[in-house]
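Notes to accompany the following structure.
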Amino acid sequence: MQFDESIIRNVVAQVLAEVGKAPPVTSGFKGRYGIFDCADEAVRAAREAFEKLSERSIEDRKRIIDHIRRISIDQKVELGTMEMNETKIGKLAHKIEKLELLGRKTPGVEFLRSEVYSGDHGLAVIEHAPFGVIGCITPVTHSLPTITGNAVNMIAGGNTLVVNPHPSGKKVAVEGVRRFNKAIYDDLGIDNLICVIAEPTLESADLIFHHRDVAMICVTGGPAVARAALNSGKKAVVAGPGNPPVVVDETADLDRAARSIIQGAGYDNNLLCIAEKEVFVVNSVFDELMRAMERAGAVRLNESEIDRLTSVAISEVGEPGKTKQVAAKEFIGQDAAVLARAAGKNISQDVELVFGETDEHNPFVPVEQMMPFIPFVRCHDVDEAIQKAKYYEHGFRHTAIIHSNDVRNMTKMGRVMDTTLFVKNGPSPAALGVGGEGYISFSIATPTGEGVTTPLTFTRERRCSLIDDLCILGHPAKG
Ligand code: NAD
């Protein structure tokens, strides 16, 4: 006689429910290496993997993470090329470098710590426990790099994850996740620590947002997904959009400023959310900065070239009467030479950035353009520059940059902007420990305030108190 497995599972669940225990977790997902068509199955597999991970040591978590790091570093060329071929945005060299950076510099279990309060009344230890299954949404701008960083952070914290990748970066997401899980399974016998939806849709994202076994969510993307996450009713870590302004004052080292702006804004063709998007320059050094930009290798567009580029690279979307300007999809993440051609100018393929003077009303100033053309706006003085920087950052409180040798101007801008990242005298990636101090993550939580995410972002505080004992200092009075 044949039994339907689900009937048996239901009967067992009912019996256990009667004696006050949760139903056992099934183990039907071994060998899937994290790849799922069905979001519900993905969450159940990640939940099962979470139960298994919870039985393992911190040393095992480190071993798991080491596999993710090793694959990200050793296979960066193959996986980076796959990402470039699939998404068709950005620069191949940077796709490869991003995988290496995330593999090397994302904080892992070494970032975990406990806090202790010891005193007359004993000992309180605060430890950081996992949430469980975390639902992740990842952007097309860095599909596998974001998954790599999220996986290292989240597994270090003891969690597992289900990823709904951007549809235009799903293939590399699936292949990376398959490789990570296979290596982990072969070594430690746990599968599906990282699950990915092979055919992601808004519906699968919604199912993940509202699944009862998803304990928290972490989204990395633009305004729509940030809003959806904040409305999900779950604890959400939201790495939202930015439009990072740069201020250059009269005390700045202009050659250094020019090199930094090119390096940050040209990186991966300006796909980074932290990348320089518009520059406000004090009038007295404006012309000299423009010359410094050319000396450093950027190519200047004149007014009519900028107009031509603007007319094709920025589009209007939305209902009549409620339209807004956005970056045109076919120009996002394209090379500077492609933008120059659209502006009617032929330049070398090697040029990293094109730039030019605009007024603040050119759409390249307010729009998060994610392309290697940067508008430079002339301002009377540093106060006007800071005020415009504040206005065009749109209150995202994401990233701001200043080039200055006046500590008062730096302080003033830091206070006014109130951004998560504030870089002085360097390119924007320096804020993520690339040429500056600190650690990296490609999920920088802005509206929800966690900042550059770490393993601790994905943990719950638990306090363990022992009353009146184990504080071995002094002799508190009894009674
Ligand atoms: P996007 O907003 O178009 O897509 C991001 C992800 O959200 C994708 O997986 C997409 O499918 C999904 N999505 C979109 N709308 C959704 C909805 N209503 N419900 C559920 N899922 C939804 O962004 P993109 O073009 O992939 O990435 C670029 C954007 O991401 C930029 O705005 C950039 O600033 C931002 N970003 C932020 C960070 C950060 O750390 N703060 C990092 C990288 C990118």
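The values are calculated or read from the model by the stated rules, or taken from the named source; none is laboratory data. Being a predicted model, the structure only gives us computed values, none of them experimental. Positions of Cβ are backbone-derived with ideal geometry, glycine not excepted, and every protein chain shown enters the neighbour counts. All accessible areas refer to the heavy atoms of the entire protein, side chains included, with ligands and DNA or RNA removed. Shrake-Rupley method; radii C 1.70, N 1.55, O 1.52, S 1.80 Å.
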**Fill in**
Full extension between E59 and Q75 adds, at 0.36 nm per residue less the Cα distance, a length in nm of 3.4 nm
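If you take the C-alpha gyration tensor of the chain, multiply each eigenvalue by 5 and take the square root, what semi-axes do you get, largest first, in whole Å?
Working: eigenvalues 390, 162, 76 Å².
For the chain, the ellipsoid semi-axes come out as 44, 28, 19 Å.
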**Fill in**
Helix 39-54 sits off the longest principal axis of the Cα atoms of the chain, rounded to the nearest 10 on a 0 to 90 degree scale, by 70
**Message:** Let me check something: with ligands and nucleic acids excluded, how do D40, D120 order by accessible area (1.4 Å probe), largest to smallest?
**Reply:** D120, D40
**Percent carbon-and-sulfur accessible area, the chain, ignoring ligands, DNA and RNA, probe 1.4 Å** = 51
**Request:** Please give the calculated 222 nm ellipticity per residue for the chain, where each DSSP H segment of at least 4 residues contributes -39500 (n - 2.57) and the sum is spread over every residue; nearest 500 deg cm²/dmol?
**Result:** -12500 deg cm²/dmol
**Asked** What nm distance separates the two modelled labels at E330 and N346, each placed 7 Å from Cα along Cα→Cβ?
**Response** 2.1
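Counting only DSSP beta bridges with both residues in segment 245-432, tell me the antiparallel percent, nearest 5. Please report the intermediate quantities before stating the final value.
On the way: 4 of 25 bridges.
Bridges in segment 245-432 are about 15 percent antiparallel.
Report the charge-dipole magnitude of segment 368-479 in Debye, nearest 20, computed about the Cα centre from +1 at each Lys and Arg Cβ and -1 at each Asp and Glu Cβ. Don't skip to the end; give the middle numbers.
Values: 12 positive and 12 negative charges, 22 e Å.
That gives a dipole near 100 debye.
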**Message:** How big is segment 245-432 along each principal axis, measuring the range of its Cα positions in Å and listing the largest first?
**Reply:** 41, 40, 32
**Complete:** For V196, other-chain or 5+-apart residues with amide H closer than 5 Å (H placed, Pro excluded) are I35, F36, V163
**Fill in**
Answer in debye to the nearest 20: the dipole magnitude of segment 183-267 about its Cα centre, from +1 Lys/Arg and -1 Asp/Glu charges placed on Cβ, is 360
**Fill in**
Rounded to the nearest Å, the spacing of the alpha-carbon centers of segment 158-217 and segment 307-339 is 32
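Based on the Cβ-Cβ distance from R104 to E360, what FRET efficiency comes out when R0 is 35 Å, to the nearest 0.05? Could you put the intermediate results ahead of the total?
Values: r = 39 Å, r/R0 = 1.13.
With R0 = 35 Å, the Cβ-Cβ based efficiency is 0.35.
What percent antiparallel are the DSSP beta bridges of the chain, to the nearest 5? Walk me through the numbers before you get to the answer.
Working: 20 of 61 bridges.
Once the DSSP bridges in the chain are tallied, antiparallel ones form about 35 percent.
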**Complete:** Accessible-area order for H121, H142, H166, H94, largest to smallest, probe 1.4 angstrom, reads H121, H166, H94, H142
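Once fully extended, how much extra length lies between N85 and E384, figured as 0.36 nm per residue of separation less the alpha-carbon to alpha-carbon distance?
Additional length available on full extension: 103.4 nm.
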**Mean accessible surface per residue for the chain, computed with a 1.4 Å probe while every protein chain stays in place, in Å²** = 45
**Message:** List the lysines whose Cα sits under 19 Å from the Cα of K52, skipping any in the same chain fewer than 8 residues away.
**Reply:** K21, K30, K62, K182
**Message:** Can you compute the FRET efficiency between Y391 and R415 using 1/(1 + (r/R0)^6), with r the Cβ-Cβ distance and R0 = 25 Å? Round to the nearest 0.05.
**Reply:** 0.95
**Prompt:** Using mean Cβ contacts within 10 Å as the protection proxy, how do 132-138, 197-203, 42-48, 279-285 order, highest first?
**Reply:** 132-138, 42-48, 279-285, 197-203
**Request:** Using a 1.4 Å probe and ignoring any ligands, DNA or RNA, find the accessible area of M410 and quote it in Å² to the nearest 10.
**Result:** 40
**Fill in**
So for R0 = 25 Å, FRET eff. of D468-R113 from the Cβ-Cβ r, to 0.05, ends up at 0.45
**Complete:** Any lysines whose Cα falls less than 28 Å from that of K322, other than same-chain ones fewer than 8 residues away, would be K277, K388, K390
**segment 261-294 versus segment 344-394: alpha-carbon centroid distance in Å** = 7
